[in-house]
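Heads up, the thing below is written out as structure tokens.
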Amino acid sequence: MADRVTVIGWDGSPLTAAARSALAAATLVAGAAHHLALPEVPPGAERIRLGSVDLAARRIAGHRGTAVVLADGDPGFFGVVRTLRAPQHGLEVEVVPAVSSVATAFARAGMPWDDAQIVVAHRRTLRRAVNVCRAHTKVAVLTSPGAGPAELALLLEGVHRTFVICEELGTAREQVTVLTSDKAADHAWRDPNVVIVIGGSAGPASPAPVAGPGGPGGGWIGGRDPGYPPAVRGWALPAREYGDGQSERPQGPGHAFGEGESAGLRAAQLARLGPRTGDLVWDIGSGSGALAVEAARFGAAVIAVDADPDACDRTAAAARRFGVQLHVVHGRAPYILEDLPEPDVVRIGGGGVPVVSACADRRPERIVTHASTRDEAEAIGRALAEGGYTVECALLQSVELDTGAWSERDRSVVFLLSGVQERREASR
């Protein structure tokens, strides 16, 4: 095992005295090509081109001598330190950090970043990184080959954002470019790069500092959740909190009446959907926008679909009030669904078996809907089962009481159906 392992972060600036001292004593140096070309690397040291960090860690573990690993930025922030400290390698490391590439990118943009979400985009995580960009107004994306600015822009089609693209930070070839997301796919970008993705209906439209919830001085917690601070405390709020204060019974085609928007049913639907950061939720038949907004408040990206233009307006207004990002689509399911990006979970507010079958064909992890009668529930359950889902059904009854007279004010009875793709969930 190596006698000592020092991890040195490098941000393009001259190495510190501690970093130079560690390098001078190194008998093995691992890093990218531009790291190994630094003049401070001892000419007699064994050199390892850092491709697979796990493979490099195994070679370091078998080395007798003093090892140094060079990495860009802060190596403890989405960097090599985590892999090197994995129990199977048995390495004890010392870290000499540098300014992280994310901090440098925001500095180049002249923006605060305590309120930013930070994600890493690889080929396998690109879609989830894009969903975070849909759901939040300020996101820093650490890219990789095949999951860079162009790929982000292509998957964000239809969602307007501003990109601040920082290429080769800390080098003589450093370049910062600001452009709209629809233009990013037209360029070839140099690796490595960091992309700051900003904008949205509740956020900035250009790379300018934005005051946090605490006012011009900023907030008190990093990477705040969407909709913070909440306009109203709590979840599964009455539908009047999301609309104009009138009846909870939505009007117009494309979604259920009354029980389809009750707070109790919505709470049960959200519990079964389990929306989370990185997910894309379809809310088909958005009505007042209540479920769409609450799913977004969990950090998920949400596409709200409704055939009624008034319902689309209500949903957009509710999103503005609660400060969350929604993509509202006016159209009738199942036809409008063909052009939407792949969902993780789906809530169906109306449309019956044809819409359920169309959603099942897109293979989301979970589909949740409701029915007013047992016959309708059985038909939907069969459609889910034929689509490859394990089906659950519960009969929900809620009674709203007038607490002045303690008399019944309203009663709702509905069948709650959910379908789960167990194989896909087990593989995640």
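The values are calculated or read from the model by the stated rules, or taken from the named source; none is laboratory data. If you're wondering where the values come from, they're calculated on a predicted model, not measured in any experiment. Here the Cβ is made from the backbone with ideal geometry for all residues, glycine too, and neighbour counts use every protein chain on show. Keep in mind that these areas ignore ligands, DNA and RNA; they rest on the heavy atoms of the full protein, side chains included. Shrake-Rupley method; radii C 1.70, N 1.55, O 1.52, S 1.80 Å.
General observations
- Rg/Rh (Cα only; Kirkwood hydrodynamic radius) as it applies to segment 90-169: 1.02
- Extension gain from ASP191 to VAL178, taking 0.36 nm per residue of separation minus the Cα-Cα distance: 3.0 nm
- Of the trypsin sites (Lys or Arg not before Pro) in segment 124-159, those whose Cβ has at most 13 other Cβ within 10 Å and which sit in DSSP loop: ARG124
- Computed FRET value (nearest 0.05) for ARG82 with ALA267, which takes r as the C-beta separation and R₀ as 60 Å: 0.95
- Taking all protein chains together, VAL119, VAL355, VAL328 sort by accessible area into VAL328, VAL119, VAL355, largest first [probe 1.4 Å].
- Across the accessible surface of the chain, with the other protein chains kept in place and a 1.4 Å probe, carbon and sulfur atoms take up 52 percent.
- Cβ-derived FRET efficiency at R0 22 Å, VAL413 paired with GLU386, nearest 0.05: 0.25
- Karplus-derived 3J(HN,Hα) values for segment 18-25, using 6.51 cos²θ - 1.76 cosθ + 1.60 with θ = phi - 60°, are 5, 5, 5, 5, 5, 5, 4, 8 Hz; glycine and proline are entered as x.
- Fluctuation leader among GLY73, GLY289, GLY148 - the chain, Gaussian network, Cα springs under 10 angstrom: GLY73
- Solvent-accessible surface (1.4 angstrom probe) belonging to GLU378, in square angstrom, nearest 10: 80 Å²
- Calculated FRET efficiency for the pair ASP375/ALA24, C-beta based, R₀ 56 Å, to 0.05: 0.10
- Across SER100, SER52, SER144, mean-square fluctuation computed from a Gaussian network of the chain (C-alpha pairs under 10 Å connected) peaks at SER52.
- Computed from Cα atoms, the angle from the helix 126-135 axis to the main principal axis of the chain rounds to 60 degrees.
- Cα centroid separation, segment 361-428 to segment 267-334 (Å): 18 Å
- Accessible surface, 1.4 Å probe, highest first, among residues TRP10, TRP406, TRP113, TRP235: TRP406, TRP235, TRP113, TRP10
- Based on the Stokes-Einstein relation at 10 °C and a viscosity of 1.306 mPa s, and on the Kirkwood radius from alpha carbon pairs, segment 21-81 is assigned a translational diffusion coefficient of 136 µm²/s.
- Between the Cα long axis of helix 263-273 and the first principal axis of the chain there is an angle of about 40°, rounded to the nearest 10.
- Accessible solvent surface per residue of the chain, calculated while the other protein chains remain in place, 1.4 angstrom probe, Å²: 46 Å²
- When segment 283-342 is reduced to its Cα atoms, the Kirkwood hydrodynamic radius in Å: 11.1 Å
- Projected over all directions and averaged, the alpha-carbon convex hull of the chain occupies 24.2 nm².
- Within the listed set ALA267, ALA45, ALA150, the residue fluctuating most in the Gaussian network model of the chain (springs between alpha-carbon atoms under 10 angstrom) is ALA45.
- Size descriptors for segment 346-411 (Cα atoms only): Rg and Dmax, in that order, 15.6, 50 Å.
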